[in-house]
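Since the structure comes first, as structure tokens, the remarks are kept for the end.
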Amino acid sequence: MDLHNRLKKLNNLPEDQAVKSRIYERIQHKKKKGLTIWKEGVLLLTMAVIALFLILLPQNSSLPQSANQSIQTIYKYFGGKEGKFFARGSDLYTSVEKVNDRKIYNFFQDLTHYVEEGDGRLGDYVTDVVVVRDHREEHYQISDTGMLNIDSGQFFVGTSDMYDEVFQILYSVNTKPWFLILPLVVIIVNLFSASYYKRRKLDNYKPPKPKWWLLLLFLSVTFGIFAWATWVGPLYKPLMLMLAVFYGVIIWYNLKRDIQHYAIYKVETIKISIVTVALVFVIMTY
Amino acid sequence: MEFDELYEQYFQRIYQFIYYMVSDPSLAEDLTQETFLRVYKGQFRNEAALGTYIRKIARNIVYDSYRKKALIKWLPFQRSHEERETHYVPHEWIIQSEDRRLLYEAIQLLKPAYREVVIYRKIEELTLAETCEILGWSTVKVANTQRNALKALEKILGGDEFGFAQSTKETQ
């Protein structure tokens, strides 16, 4: 008998009914336990717990700068508008910066030396300031013509050179060009993946396009973020980080279910990871 | 197709393939279970034949287990009870016939790529197109691997006394 016929006979391995029913029962048991979603559930729960932890984290945790100084920290938000106060008492918010200049601390230590109460309006150039004094927040808007105590509604007119100097320091822009890294990273990873697919002749197995509901979700979240930043105030960075990671996970999870080639799955996973890390970096530095 | 119907139809073929690939009844049982669980969880989109789809999953799971085994060898600080050794246990049906036993043991000595091509093409007698789809290979690659696998099998079995020349002629 030739090898061909002998090999064919190996196709008659008898069916083991005990093994068959044992496996079937175990599958039924796991189906009932909802095995399909437990991993994803644990992942989302972990993310939610971390988000909650970060949200509940005390925000004014900075220590007094010296034993006899009552101002703990000063934060500023560049480019405020009269009637809208955007600064927050924490640098965990986007565009809110901690002020480190000694002159500013001296100025707010005793305002009466440098400003006088009076009537007037804020000028066109406004910076929002939060002074954390004795662990309580005081809110000011300082402009080229005078400053406003948001809490009491008192308006002060700057009467000294010190006032002008303080305004110039607070109204200075600290440029952060790091956000440019994001489009750059997206372009680079896409170029690399395209050339890899071409080299490996994987062009025919292009990764599936994002689903319409995913695009809708992304656009709504992006619109919500911009709307919040424009009309409500600065964005809370930990929440933004959670959204960035969550978005990365959703995209990856959808690709994972649709991709049919292991090499594409690996490349797309690396791409999503790099873009998410870049997004996290931009949010942290913004 | 309902899961029960699908399980009934494909269980034996999948179990047999995995068993021939890993040669360990307990591991074959676990991997078969994993295969059908993935079939249950996955979304079959009618892009391939259902049989091809399930076989692809089974093949991926077998290769995952090979990779895991290779990785575990390199893991330090592993406790002895955590090590999973594969036990070569031929099926009772196989040892009932000396001819089957010899052939089965020879197949186990082939490298995995050769072994799976022999299983698909010569044992299960799948068509070239089906094999190409499962493996994701070109027709030429499957044909070449098949020829080399049969040559290697002949060498292990000792010469051409089993009609290898005729067998390869058929494949070409």
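Rule-based calculations on the coordinates, nothing more; no lab input. Note that the structure is predicted; figures quoted are calculated from it, not measured. Cβ placement follows ideal geometry from the backbone for every residue including glycine, while neighbour counts extend to all protein chains displayed.
Suppose every K and R has +1 on its Cβ and every D and E has -1 on its Cβ; what is the size of the dipole of segment A:113-272 about the Cα centre, in Debye to the nearest 20? Write out the running numbers ahead of the final one.
On the way: 16 positive and 16 negative charges, 508 e Å.
Roughly 2440 debye, rounded to the nearest 20.
Say the dipole of segment A:81-199 comes from +1 at the beta carbon of Lys and Arg and -1 at that of Asp and Glu; which of A:189, A:168, A:113 then lies farthest toward its positive end? Highest projection toward the positive end goes to A:189. Take the Cβ atoms of residue A:179 and residue A:47, set R0 to 30 Å, and the FRET efficiency comes out at 0.80.
Sorting B:91, A:29 from the fewest to the most surrounding beta carbons within 10 angstrom yields A:29, B:91.
For the pair residue B:69 and residue B:105, the difference between a 0.36 nm per residue extended length and the Cα-Cα distance amounts to 10.9 nm. With N counted as the residues of segment A:177-285, its alpha-carbon radius of gyration over 2.2 N^0.38 Å works out to 1.18. Of the residues A:230, A:263, A:283, the one whose Cα sits farthest towards the positive end of the charge dipole of segment A:177-285 is A:263 (charges of +1 on Lys and Arg Cβ, -1 on Asp and Glu Cβ, taken about the Cα centre).
Between residue B:113 and residue B:138, the distance separating the two model label sites (each 7 Å from Cα on the Cα→Cβ line) works out to 1.4 nm. Charge tally around residue A:143: other residues with Cβ under 9 Å, Lys/Arg +1 each, Asp/Glu -1 each, net -2. With 0.36 nm allotted per residue and the present C-alpha distance subtracted, the residue A:280-residue A:250 stretch has 9.2 nm of extension available. Remark: segment B:133-140, residue by residue, has Karplus-estimated 3J(HN,Hα) of 5, 5, 7, x, 10, 7, 4, 4 Hz, where x stands for each Gly or Pro and the curve is 6.51 cos²θ - 1.76 cosθ + 1.60 at θ = phi - 60°. The Stokes-Einstein estimate for chain A, based on a Kirkwood radius over Cα pairs and taken at 4 °C with 1.567 mPa s viscosity, is a diffusion coefficient of 54 µm²/s.
Nothing charged except the Cβ atoms of Lys and Arg (+1) and of Asp and Glu (-1): what's the magnitude of the dipole of chain A about its Cα centre? Round to the nearest 20 debye. Display every interim value, and only then the final one.
On the way: 34 positive and 26 negative charges, 699 e Å.
For this selection, approximately 3360 debye.
Taking every C-alpha pair closer than 8 Å and separated by at least 6 residues, the mean separation divided by the residue count of segment A:177-285 gives a relative contact order of 47 percent.
Rounded to the nearest 0.05, what FRET efficiency do residue A:222 and residue A:17 have when you use their Cβ-Cβ distance and R0 = 45 Å?
Numbers: r = 57 Å, r/R0 = 1.26.
For residue A:222 and residue A:17, the calculated efficiency is 0.20.
The lysine pair tally for segment A:69-227, using Cα distances under 27 Å and a gap of 8 or more places or different chains, is 17. Each of A:13, B:109, A:3 has some number of other Cβ atoms within 10 Å of its Cβ, and from fewest to most they run B:109, A:13, A:3.
Put simply, the C-alpha atoms of segment A:71-170 give a gyration tensor, and the ellipsoid matching it has half-axes of 19, 15, 13 Å, longest first. Between residue B:95 and residue A:202, the FRET efficiency estimated from the beta carbon spacing at R0 = 45 angstrom works out to 0.50.
Applying the Karplus relation 6.51 cos²θ - 1.76 cosθ + 1.60 with θ = phi - 60° to segment A:147-153 yields 3J(HN,Hα) values of 10, 10, 8, 4, 5, 9, x Hz, where x marks Gly and Pro. Estimated purely from DSSP H runs of n ≥ 4, each contributing -39500 (n - 2.57), the mean residue ellipticity at 222 nm for chain A is -16500 deg cm²/dmol once divided by its residues.
Arranged from fewest to most other beta-carbon atoms within 10 Å of their beta carbon, B:122, B:69 become B:69, B:122.
Here the simple spin-label model places points 7 Å from the Cα toward Cβ, and for residue B:3 and residue A:270 these points are separated by 3.6 nm.
Among the trypsin sites (Lys or Arg not before Pro) in segment A:133-228, those located in a DSSP loop and surrounded by at most 16 other Cβ atoms within 10 Å of their own Cβ are A:200, A:201, A:211.
Taking every alpha-carbon pair under 8 Å whose residues sit at least 6 apart, segment A:71-170 reaches a relative contact order of 30 percent.
Each label was represented as a point 7 Å from its Cα along the Cα-to-Cβ direction; for residue A:231 and residue A:154 these points are 3.4 nm apart.
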